[in-house]
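This report refers to the structure that appears directly beneath it.
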Amino acid sequence: MTLGVLRPAGSLPARVYWVRRFVVLAAVVAVVLIAAWIVPFVAGKAGDLFSGARSATPGPTPTTPAAEVGPQPCATDALGVTLAADAASYPAGALPTLSVTLVNNGPAGCVVDAGEAQREIVITSGTDRIWSSRDCATGDALTRELLLAPGAPDATTVQWQRTRSAAGCPGDQPAALKGTYSATLTLAGVSSQPVVFVLE
């Protein structure tokens, strides 16, 4: 059997059979070499494609924590202001005491400056401006920052000395005369209903 392989039998010369076997063997070797070159090449290209797809896929966008927002200034339509007198009339020598009440009618806490630089109580008699809480206000009274919680009122009182005042706070102002007076509070663009009282 071995001799049959080494010595092919047939009508053609032995050289022809040897050439045929060499061609077949060369073809097999060529296929193996081509396969050995193509497989890594294709695998590398496929890896590049997958790598490119992975790099092209956007990752999760980093989230930036929202900046903490503090209480905002009280909106005009959310700020309630009320002025009231402790009596309807005052005998001679009695000093009217006016109660100032601020209420935040909004859904969240807000900030308002209730100092005399922003808040003003004006007392008039007819068209005559008699007194203003701002005329002689100085120092710490000019600023009073308040954080108003929803629905929680802030109440303060102001006592009028029954004397006139003027811008710049000049001294030796005359005393107010007997008669009917009206007081109004204004703060942050919001005005109260006037309160009327009588000096006897």
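None of the figures in this text is laboratory data; all of them are computed from the coordinates on show. Computed from a predicted model, the values in this text were never measured in an experiment. Cβ sites come from the backbone with ideal geometry, for glycine too, and all protein chains shown count toward neighbours.
Of all residues in the range 150-162, count the ones that are at negative phi and either loosely packed, with under 15 Cβ neighbours inside 10 Å or part of a loop (DSSP other than H, G, I, E, B) (or both).
Residues flagged as at negative phi and either loosely packed, with under 15 Cβ neighbours inside 10 Å or part of a loop (DSSP other than H, G, I, E, B) (or both) within the range 150-162 amount to 9.
Does the range 163-200 hold any residues that are polar (S, T, N, Q), part of a strand (DSSP E or B) and loosely packed, with under 12 Cβ neighbours inside 10 Å, and which are they? Break it down stepwise before answering.
Within the range 163-200, the first condition is being polar (S, T, N, Q), and the residues that meet it are 163, 165, 173, 180, 182, 184, 186, 191-193.
The next check asks that each one be part of a strand (DSSP E or B); those that pass are 163, 180, 182, 184, 186, 191.
The one that is polar (S, T, N, Q), part of a strand (DSSP E or B) and loosely packed, with under 12 Cβ neighbours inside 10 Å: Thr180.
When the range 127-146 is examined, which residues are found to be hydrophobic (A, V, I, L, M, F, W, C) and more than 27 Å from Asn104 (Cα to Cα)?
Step one: of the range 127-146, the residues hydrophobic (A, V, I, L, M, F, W, C) are 130-131, 136-137, 141-142, 146.
Once the filter is applied, which keeps residues that are hydrophobic (A, V, I, L, M, F, W, C) and more than 27 Å from Asn104 (Cα to Cα), the range 127-146 yields Ile130, Trp131, Cys136.
Could you go through the range 129-136 and let me know if any residue there is under 30 Å from Gln72 (Cβ atoms), within 45 Å of the chain's Cα centre (by Cα) and of a type in the set (Asp, Glu). Spell out how you get there, then give the answer.
Here is the first cut: in the range 129-136, the residues under 30 Å from Gln72 (Cβ atoms) are 132-134.
When the remaining residues are screened for being within 45 Å of the chain's Cα centre (by Cα), the result is 132-134.
Next, from what is left, pick out any that are of a type in the set (Asp, Glu): none.
The answer is no; no qualifying residue exists.
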